[in-house]
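First up is the structure itself, then whatever we jot down about it.
The values are calculated or read from the model by the stated rules, or taken from the named source; none is laboratory data. Every value quoted in this text rests on a predicted model; they were computed, and no experiment measured them. All Cβ positions, glycine included, derive from the backbone under ideal geometry; neighbour counts span all protein chains shown.
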Amino acid sequence: MKPNKTLFFVLFTALVGACSPDLPIQEIPVVNDENCKPENIKKISDKGTQQKFASECLRRTSNFKPSEKREW
């Protein structure tokens, strides 16, 4: 009977953990010249949102070019 209690406890803990509210995720600002300045990117408090926004800022510029394929 002990394994059933352990299994029940694990499933109950997973269910309660999945239902608990997470911290609100900050919305991504509009990608433009003003918002893509480094000092404005640093103002975003949520690190995941900050990284996603910085990635979008880098992708919007046409300066990004993939490196040439090398034959070794």
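Evaluate the range 39-56: report whether one residue or more is basic (K, R), in a helix (DSSP H, G or I) and modelled with pLDDT of 75 or more. Yes, the range 39-56 has at least one match. Is one or more of the residues making up the range 62-70 of a type in the set (K, R), modelled with pLDDT under 90, loosely packed, with under 12 Cβ neighbours inside 10 Å and not in a loop (DSSP other than H, G, I, E, B)? No.
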